[in-house]
1. Collect the residues in the range 253-310 that are under 20 Å from Ala55 (Cβ atoms), in contact with a Ser or Thr (Cβ under 9 Å, 6 or more places away or on another chain) and of a type in the set (A, V, I, L, M, F, W, C), keeping them in residue-number order.
2. In the list Ser24, Ser84, which residue meets the criterion of being hydroxyl-bearing (Ser, Thr, Tyr), part of a loop (DSSP other than H, G, I, E, B) and modelled with pLDDT of 95 or more?
3. Looking at (1) of a type in the set (Val, Ile, Thr); (2) in contact with a Ser or Thr (Cβ under 6 Å, 6 or more places away or on another chain); (3) at pLDDT 95 or above, can you tell me which one Val250 breaks?
4. Tell me which of these Val45 doesn't satisfy, since it passes every other one: (1) closer than 27 Å to Lys139 by Cβ; (2) in contact with a Leu (Cβ under 9 Å, 6 or more places away or on another chain); (3) part of a helix (DSSP H, G or I).
5. Only one of Ala230, Ala168 is assigned to a helix (DSSP H, G or I) and within 17 Å of Val257 (Cβ to Cβ); which?
6. Go through the range 93-129 residue by residue and tally those that are under 27 Å from Asn248 (Cβ atoms), assigned to a strand (DSSP E or B) and out of contact with any Asp or Glu (no Cβ under 8 Å at 6 or more places or on another chain).
7. Of all residues in the range 127-167, how many are in contact with a Ser or Thr (Cβ under 9 Å, 6 or more places away or on another chain) and either of a type outside the set (A, V, I, L, M, F, W, C) or without any contact (Cβ under 8 Å) to a residue 24 or more places away in the chain (or both)?
Amino acid sequence: MILTITMNPSVDISYQLDSFKYDSANRVSNVSKTAGGKGINVTRVLSQLDKDVTATGLTGGILGRFIEASLKDKGIKNSFYEVSGATRNCIAFLHEGNQTEILESGPIINREEIDGFITHLETLLPKCELVSISGSLPKGVDYTFYSELIEICSEHEKRVVTDCSGEALREVIKGRHKPMLIKPNLEELSELIGLEVAIDNESLKNAVSTEIFDGIDWTFVSLGADGAFARNEGKFYRVKIPKIRVINPVGSGDSTVAGIASAIVENKSAEEFLKHSNTLGMLNAQQSVTGHVDLSNYEEIYKKIEIIEV
């Protein structure tokens with residue numbers, strides 16, 4: 001079983017408007033409400049791949065129950081830890097080709113709730129073989145928390161994939177126990193090493209060879225439309241992807257993480273690992289719904305992705 005962790009999930013509300021009128025009433029013709037959060041997107045795609053996956057994290061209030069119920073309705077197992085604060089809304093207004101977002105910060109979590117979640121997590125770890133940690137931390141949770149979770153998972157001999165940013169990511173790579181994989185983008189990679197990284201192979205090789213990444217099996221750098229770059233076991237790979245018609249890129253990174261997690265549990269080779277994960281990210285970009293892939297197009301994209309050892 002793959003266990004996904006989303007510490008700050010949301011109910012994602014999307015309003016489709018013909019036009020957006022400031023300081024006036026706006027009539028909405030189309031409303032979409034879905035369970036949101038990076039780890040939940042990962043969970044949905046893993047479920048589409050028919051993987052045994054369970055979602056956990058923190059939920060609270062009516063919106064928290066909505067998330068749990070909506071996942072259950074789709075046949076997705078979940079075991080969230082309930083907190084006293086209310087799960088947040090993330091609202092998007094889609095208008096005239098633009099997207100205006102209103103993002104709530106979410107509940108403030110106290111130490112008792114943090115400890116309660118850790119206890120809850122330890123009941124789930126014996127049942128899983130891989131843990132995927134994604135997204136932001138809610139207020140009240142220190143940015144060292146993901147590093148703490150990785151240590152707990154390591155004590156249970158569980159492999160961990162992390163997709164986080166900022167100080168949380170910095171603490172993860174500094175930690176005594178390392179994740180199996182990190183997935184920074186180019187900007188995040190530059191911030192981590194304190195130097196602006198160019199997109200050429202030599203610059204990327206030098207960047208991911210920095211000693212701060214020692215002990216991490218996979219350093220997977222997302223390059224958007226330019227594909228990806230990765231280091232694994234002393235080897236370096238450039239991923240070249242085909243051009244596609246992008247409908248909605250939101251959630252493509254999460255779909256890539258789902259591909260990474262499934263590739264790990266399937267013991268895929270490095271080339272298969274990279275092609276599989278990038279294919280899923282691209283499939284998501286071709287869909288209007290976040291965290292969704294049309295697997296009927298899988299082979300067409302998979303065979304067009306090129307993996308070059310550099």
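1. Matches in the range 253-310: Val257, Ala258, Ile260, Ala261, Ala263, Leu280, Val289, Val293.
2. Details: Ser24 fails: modelled with pLDDT of 95 or more.
One residue alone meets the criteria, Ser84.
3. For Val250, the failing item is (3).
4. Tallying (1) closer than 27 Å to Lys139 by Cβ; (2) in contact with a Leu (Cβ under 9 Å, 6 or more places away or on another chain); (3) part of a helix (DSSP H, G or I), Val45 fails exactly one: (1).
5. Values: Ala230 fails: assigned to a helix (DSSP H, G or I).
The unique qualifying residue is Ala168.
6. Counting residues in the range 93-129 that are under 27 Å from Asn248 (Cβ atoms), assigned to a strand (DSSP E or B) and out of contact with any Asp or Glu (no Cβ under 8 Å at 6 or more places or on another chain) gives 7.
7. Counting residues in the range 127-167 that are in contact with a Ser or Thr (Cβ under 9 Å, 6 or more places away or on another chain) and either of a type outside the set (A, V, I, L, M, F, W, C) or without any contact (Cβ under 8 Å) to a residue 24 or more places away in the chain (or both) gives 13.
Yes/no matrix, rows are residues, columns are (1) touching a strand residue (DSSP E or B) at 6+ places or on another chain (Cβ under 6 Å); (2) among the basic types (Lys, Arg); (3) within 30 Å of Ser32 (Cβ to Cβ):
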site	(1), (2), (3)
Leu94	yes, no, yes
Gly97	no, no, yes
Glu104	yes, no, yes
Pro126	no, no, no
Ser132	yes, no, yes
Gly135	yes, no, yes
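The values are calculated or read from the model by the stated rules, or taken from the named source; none is laboratory data. Note that this is a predicted model, so its numbers are computed, not measured. Glycine also receives a Cβ, built like all others from the backbone with ideal geometry; neighbour counts cover every protein chain displayed.
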